[in-house]
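Peer 1: One structure, pasted below without further comment.
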Amino acid sequence: RSLSQILKNTGRYEFQRAIASEDDQGNLQVKLTVKQGSCILTSMSKANCFIVLPEERGNVAAGDVVRIELFDDYLRG
């Protein structure tokens, strides 16, 4: 789930840096890191996942279900 709005135009595949965590019921919640610019390394160092937004996806409202890729999955090989 997304906790904050993401503005996105269709026609472009995007990976947004984010922080995923579990709520009290064990559901994954995800929120964007503050800034997403390619030159901003602090957002990458704080992130533990990407929100994956395919080409056909437009804006994402708070509470929408999104696909994520956890970095830990890549580290395990």
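To keep it simple, each residue is scored yes or no on (1) in contact (Cβ under 8 Å) with a residue 40 or more places away in the chain; (2) within 17 Å of Q5 (Cβ to Cβ).
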position: Q25; (1), (2): no, no
position: L28; (1), (2): yes, no
position: T33; (1), (2): no, yes
position: I40; (1), (2): no, no
position: K46; (1), (2): no, no
position: P54; (1), (2): yes, no
position: N59; (1), (2): yes, yes
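Peer 1: If you don't mind, another one. Please go through segment 19-53 and give me each residue that is in a loop (DSSP other than H, G, I, E, B), among the hydroxyl-bearing types (S, T, Y) and surrounded by 12 or more Cβ atoms within 10 Å (Cβ to Cβ), ordered by number.
Peer 2: Filtering segment 19-53 down to residues in a loop (DSSP other than H, G, I, E, B) leaves 23-27, 33-40, 47-48.
If we keep only those that are among the hydroxyl-bearing types (S, T, Y) too, we end up with 33, 38.
Hit for segment 19-53 is T33, nothing else.
Peer 1: From the residues in segment 56-77 that are assigned to a loop (DSSP other than H, G, I, E, B) and modelled with pLDDT of 90 or more, which one is farthest from V30 (Cα to Cα)?
Peer 2: Of segment 56-77, the ones assigned to a loop (DSSP other than H, G, I, E, B) are 56-59, 61-66, 76-77.
Filter again for modelled with pLDDT of 90 or more, leaving 56-59, 61, 64-66.
Numbers: E56: 21, R57: 17, G58: 18, N59: 16, A61: 12, D64: 10, V65: 10, V66: 9 Å.
Only one residue tops the list, namely E56.
The values are calculated or read from the model by the stated rules, or taken from the named source; none is laboratory data. The structure displayed is predicted, hence computed values, not measured ones. Cβ coordinates were reconstructed from backbone atoms using ideal geometry, including for glycine residues, and neighbour counts include every protein chain displayed.
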